[in-house]
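Quick note: the coordinates plus some simple rules give every number you see, no bench work behind them. Since we're looking at a predicted model, the values are computed, not measured. In this analysis, Cβ positions are derived from the backbone assuming ideal geometry, glycine residues included, and neighbour counts consider all displayed protein chains.
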Amino acid sequence: ADDEANLRMLVHTTLDDPQYRILEAADGAQTLALTRAEHPDLLVLDWMMPDMSGIEVAQTLRQDPATSHIPIIMLTAKGQERDKEQGRALGAYAYLVKPFSPLELLEKVQAVLG
């Protein structure tokens, strides 16, 4: 989930593998709707999105028993230590700062999904 189409394309390309079914969302509301409908195995979530921030999305998902178990990888430009702490406090599995290494993202996804 990211409001930048180019970044969604980069993530899609990085994770382009037959074992993954990739769903994309461009804002927080779309992310919530898609997550509730599809129950993905993992979310790669931007912090700064229109309508609802990634942090607000994560908080909402964590409060819902149907989605609270879904691992989240935060992928964001917010790289201050306090930002990382906030992401970890919400239970983010990993926190990657843009610009990010596609290989590092792939490694984190593989670690979560096995």
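The GNM of the chain, with springs linking C-alpha atoms under 10 angstrom apart, assigns the highest mean-square fluctuation among Val11, Val97, Val44 to Val97.
Here the sum of -39500 (n - 2.57) over DSSP H runs of 4 or more residues, divided by the residues of the chain, equals -13500 deg cm²/dmol at 222 nm, to the nearest 500.
Positive end of the dipole of the chain (Cβ unit charges, origin at the Cα centre): among Leu103, Thr31, Gln86, the Cα lying farthest that way belongs to Gln86. Each Lys and Arg Cβ is given +1 and each Asp and Glu Cβ -1; about its Cα centre, the range 1-98 then shows a dipole of about 280 debye.
Once you have the alpha carbon radius of gyration of the chain, what is it after dividing by 2.2 N^0.38 Å, with N set to its residue count?
Taking N as the residue count of the chain, the ratio is 0.96.
Across the range 73-83, computed HN-Hα scalar couplings (Karplus, 6.51 cos²θ - 1.76 cosθ + 1.60, θ = phi - 60°) run 10, 7, 10, 8, 7, 7, x, 5, 4, 5, 5 Hz from first to last residue, x flagging Gly and Pro. Here the range 1-47 and the range 51-114 have alpha carbon centers that stand 12 Å from each other.
Extending 7 Å from Cα along the Cβ direction at Ala33 and again at Thr60 yields two label points whose distance is 1.1 nm. Less than 5 angstrom separates the built amide H of Met52 from those of Gly28, Ala29, all sequence-distant by 5 or more or on a different chain. Result for the chain in a Gaussian network model with C-alpha springs under 10 Å: among Gly91, Gly79, Gly28, the largest mean-square fluctuation is at Gly79. For Ala77, the residues whose modelled amide H falls within less than 5 Å of its own, excluding neighbours fewer than 5 places apart on the same chain, are Trp47, Met48, Lys98. 3J(HN,Hα) along the range 38-51, derived from phi through the Karplus expression 6.51 cos²θ - 1.76 cosθ + 1.60 where θ = phi - 60°, amounts to 9, 6, x, 7, 6, 10, 9, 10, 7, 7, 9, 10, x, 6 Hz, with x in place of Gly and Pro.
Each of Pro71, Tyr20, Leu10 was scored by the projection of its Cα onto the charge dipole of the range 5-113, and the greatest displacement toward the positive side belongs to Pro71; charges sit on the C-beta of Lys, Arg, Asp and Glu.
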